[in-house]
1. Arranged from highest to lowest average of other beta-carbon atoms within 10 Å per residue, in what order do the peptides 103-110, 54-61 appear?
2. Taking 0.36 nm per residue of sequence separation and subtracting the Cα-Cα distance, how much length would be gained by fully extending the chain between Arg135 and Ala101, in nm to one decimal?
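Rule-based calculations on the coordinates, nothing more; no lab input. What you are looking at is a predicted structure, and each value in this text was computed from that prediction instead of being measured. Every residue, glycine among them, receives a Cβ derived from its backbone with ideal geometry; neighbour counts consider all protein chains shown.
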Amino acid sequence: MIGIRRAGLAVTVILAGLAVACASTRGGEDTQTRTNVLTRDEIMGVQGARDLYDVVQRLRPRWLTTRAGERSYGMATGIVVYQDQSRLGNVDQLRQLQPSAAFELRYLDGTTASATLPGLGAGQHVAGAIVVVTRQSSD
C-alpha cells in the first residue's frame, strides 16, 4: 500500500514538473516580450519618477547601457531614443519626457532598430533603441 502511494506521489510530482516546464516554455516568449516592453501601468507605477529616464533606470537599467567599447564597423554605437517614429537623440532625451507622456516604452536591439526605424539605414550603427509610444495602436 505504501509503495502504491509513493508511486502515485511520484507520478503527481512528475506531471506537475511537466506542467511547469510547459508553462515556462510557452511563457518564454511572453517573458522576453515583457523584458522589452514597459506598459503604461508599469510606467505610472514608479513612485517619484521625475522623467522617463528615471523610469527606465529603475525598471530596465540594461536598456540604458551598451557593452564597453561596443563598436560596429569601427564606429562607436549607442542607444537612440524615438518618440513614435521621430528620432529624438540619445538616452538623455528621456530626461525631457514626463512619465505621463508615454503609453508604452519598447526596447529594440540594434539590428531590429536599424531595420524598422526611420533614419537608421545603412551607415547608421546603433546598439539599440528605446521607442516611446505615445498612443495606443489601433490594430
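1. 103-110, 54-61
2. In short, 11.3 nm is gained.
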